Amino acid sequence: PVAWLEQTLWSLGLEVHQQPFARTLPFPDETRERYMVKGTNVYGILRAPRAASTEALVLSAPCTPGPHNNQAVGLMLALAAYFRGQIYWAKDIIFLVNEHDLLGMEAWLESYHDVNLTEMRSPGTLGRAGAIQAAIALELSSDVVTSVDVAVEGLNGQLPNLDLLNLFHAFCQKNGLLCTIQGKLQRSDWDSVPAYAHSLQTLLLMVLAQASGRPRGDHGLFLRYRIEAVTLRGINSFRQYKYDMTTVGRMLEGMFRKLNNLLERLHQSYFFYLLPSLSRFVSIGLYMPAFGFLILVLVLKISSGGTKGVGEVGGGGGGGGAKPAFLQQEPRAGLLALVPPVLVSQAAGLALYCLPVLGQHVATQHFPVAEAEAVVLTVIAIYVAGMALPHNTHRVLPGAGSERGWMALKLVALVALALQLGCLALLNFSLGFLLAATMVPAAAAVQPHGPRVLLAGVLVLSTPAVTLLLGIFLERELLEVPAGASEGWQLFLAAVGEGLLQHHLYGSFLYPFLALCAYPAWLLLW
């Protein structure tokens, strides 16, 4: 209701603007039945009476057709009316109502910062406040709340500064609100075995959510611009304690007053952490060594393989006429033999990245499927077909099938995998750890000798696609809503399509990393 929102915000004494936007999706989003998306964002700016417009805070509420999230919009308007009567604000406050959830938020953020990262079509924002210091996205499904759940995972696994979480937790406790993370309420008997199991369950849910690279709320796109943000969701369950909007409003007002007093950006606390509960965290200094030990396995295998290769070239007994010829010809044949499998693996990864979206119209012309189904099925077809491509490349050149040939190929695969996982863990630890935990044991064990069927089975289980499928089943188990085989497969197909869509719409690097890095490295091992 654009006209009504503008009129209401204007009547509260705010500076009101609207921003139309449009975005054509790379392929139809069948879950939300949209392809060409058009919408309008409405926002009002409360200018700080005590300072120049150099800094700002944001309170946002997504608005979609129907009653969903109406309570959040109502509470936001009530807070705007209350904030307007106060004189202590030192930062501008932006009250934003965005349409189409993440798409609307991305359009607004790009226009506000005058950038175009995702081919969004928008005339730009007419009104600006100061540099945004922090943001809170509000989602309420009912006018009665039993608990408030906080979502922290942003795009590509980015996390807000831990102090923002501490601020939320402190004001929930001050106002007597139950607060949860990952939908889990902290147990009071925190030092018991069931409490440790409960905390582990919460931590694993965060690891899976962060590894997906998907924003778990509108706040997830703010983090790209170094703006600390969280999404707060009001939950109405069957718990005994219930709170009205006044209590939630007090909590939000307290948070904004604290953020209003900031003299500098939040930077003192951690940006890299895992949360078993809202009152305890695991810092990067504790969880990074676990990943380091996994990478150490690859480093030891690389060093042992390189030493063995040098020994084979340098050793071999006393003088003989044939040794100079071996030293001159065999190494070149071995290095040249690495070219076909490396090129084929990289070509398969490139096809997996480019062809599904480019070839969707060809697929729909020849097969009775929709565009979204064609994209997902093309991804699966290329993924499975790639397993057959490098299988016979050892026959192309002499020396490739020798002992030194496969050792050199494995050395290349191990180096590539170690570098990729090491870089990934610095950007998204959870994703790097899950891939390392599944791929490193198989990479260390694989060789052309021994029980081939067993090793092939281990390799198949370590492929990124199987890791995704197992992650889906694990998440449903942790949420205590287990999925059957058929439902799990449907969720897997939806996750593949969603990952590809998230990359094209918001710049998520999960799909390109798996297609261009992890999959080719796995093919070299295969």
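The values are calculated or read from the model by the stated rules, or taken from the named source; none is laboratory data. Predicted model only: the values in this text are computed from it and were never measured. Positions of Cβ are backbone-derived with ideal geometry, glycine not excepted, and every protein chain shown enters the neighbour counts. Note: accessible area is taken over every heavy atom of the protein model, side chains too, but ligands, DNA and RNA are not part of it. Shrake-Rupley method; radii C 1.70, N 1.55, O 1.52, S 1.80 Å.
Around the Cα centre of segment 1-278, unit charges on the Cβ atoms of Lys, Arg, Asp and Glu (plus for the first two, minus for the last two) sum to a dipole of about 400 debye. Starting from the Cα of residue 2, step 7 Å toward the Cβ, then list every residue of segment 43-84 with an amide N under 15 Å from that point. Of the residues in segment 43-84, 43-44, 63-65 have backbone N under 15 Å from the label point off residue 2.
Phi angles of segment 435-440 translate, via the Karplus equation with coefficients 6.51, -1.76, 1.60 and θ = phi - 60°, into HN-Hα couplings of 5, 5, 5, 9, 8, 5 Hz per residue; Gly and Pro are given as x.
Averaging the sequence gap over all C-alpha pairs within less than 8 Å and six or more residues apart, then dividing by the number of residues, gives segment 1-278 a relative contact order of 22 percent.
Distance between the 7 Å Cα→Cβ label points at residue 250 and residue 201: 3.1 nm. Counted over segment 1-278 with a bin width of 5 Å, the fraction of Cα pairs per bin, in whole percents, is 1, 6, 12, 16, 19, 18, 13, 8, 4, 2, 1, 0. What the Cβ-Cβ distance of residue 126 and residue 449 gives, at R0 = 60 Å and to the nearest 0.05, is a FRET efficiency of 0.30.
Averaging over every viewing direction, what projected area does the convex hull of the Cα atoms of segment 466-526 cover, in nm²? Walk me through the numbers before you get to the answer.
Values: hull surface 19.7 nm².
It is 4.9 nm².
Each of 371, 253 has its accessible area taken with a 1.4 Å probe; listed largest first, they run 371, 253. Figure note: 91, 410 ranked by solvent-accessible area, largest first, 1.4 Å probe, ligands and nucleic acids not counted: 410, 91.
Taking 4.7 Å between beta carbons as the limit, the unpaired Cys residues of the chain are 63, 354, 423, 517. Restricting the calculation to alpha carbons of the chain gives Rg and Dmax of 27.0, 97 angstrom. Each peptide in 206-215, 51-60, 1-10 receives the mean, over its residues, of other Cβ atoms within 10 Å, and ordering these scores from highest gives 206-215, 51-60, 1-10.
Determine the dipole magnitude for the chain: charges of +1 sit on the beta-carbon of Lys and Arg, -1 on that of Asp and Glu, nothing else is charged, the reference point is the Cα centre, and the result goes in debye to the nearest 20.
Values: 34 positive and 35 negative charges, 210 e Å.
Computed charge dipole of the chain: roughly 1020 debye.
Just add up the charged neighbours of residue 230: K/R +1, D/E -1, any other residue whose Cβ is under 13 Å from the Cβ of residue 230. Its environment carries a net charge of -4.
Accessible surface for residue 279 stands near 60 Å², nearest 10, in the context of the full protein assembly shown (1.4 Å probe). Taking every C-alpha pair closer than 8 Å and separated by at least 6 residues, the mean separation divided by the residue count of segment 443-515 gives a relative contact order of 18 percent. Each listed q (0.17, 0.24 Å⁻¹) maps to a log10 I(q)/I(0) for segment 1-69 from the Debye sum over equal C-alpha point scatterers, namely -0.80, -1.16. For the chain, DSSP calls about 55 percent of its internal beta bridges antiparallel. Largest first, the residues 423, 354, 172, 179 sort by 1.4 Å accessible area into 423, 354, 179, 172. A simple rule links phi to the HN-Hα coupling: the Karplus curve 6.51 cos²θ - 1.76 cosθ + 1.60 with θ = phi - 60°, which for segment 156-171 gives 6, x, 5, 10, x, 4, 4, 5, 5, 5, 4, 5, 4, 5, 5, 6 Hz, with x for Gly and Pro.
Positive-end ranking of 424, 225, 116 along the dipole of the chain, with charges on Cβ about the Cα centre, is headed by 424. Put a dot 7 Å past the Cα of residue 263, heading toward its Cβ, do the same for residue 369, and the two dots end up 6.0 nm apart. Evaluate the Debye formula for segment 126-247 with equal point scatterers sitting on the alpha carbons, no solvent, and hand back log10 of I(q)/I(0) at q = 0.11, 0.15, 0.17 Å⁻¹, in q order, two decimals. With no solvent term, the Cα-only Debye profile gives -0.42, -0.76, -0.95.
Given the convex hull of the Cα atoms of segment 344-501, what is a quarter of its surface area in nm²? Before the final figure, lay out the partial values.
Values: hull surface 46.2 nm².
Taking a quarter of the hull surface, the average projection is 11.6 nm².
Restricting to Cα pairs below 8 Å that are 6+ residues apart, what does the relative contact order work out to for the chain? Please round to a whole percent. Walk me through the numbers on the way to the answer.
Details: 835 pairs, mean separation 79.5, N = 526.
Relative contact order, the chain: 15 percent.
Take the Cα of residue 226, step 7 Å toward its Cβ, do the same at residue 118, and the gap between the two points is 2.1 nm. Label reach from residue 242 (point 7 Å along Cα→C-beta): in segment 176-201, amide nitrogens under 16 Å belong to 178. Report the calculated FRET efficiency for residue 288 and residue 427 (r = Cβ-Cβ distance, R0 = 22 Å), to the nearest 0.05. Calculated value: 0.95.
In nm, what is the difference between 0.36 nm times the number of residues separating residue 504 and residue 303 and their Cα-Cα distance?
Values: separation 201, 0.36 × 201 = 72.36 nm, distance 3.91 nm.
Taking residue 504 through residue 303 to full extension adds about 68.4 nm, to one decimal.
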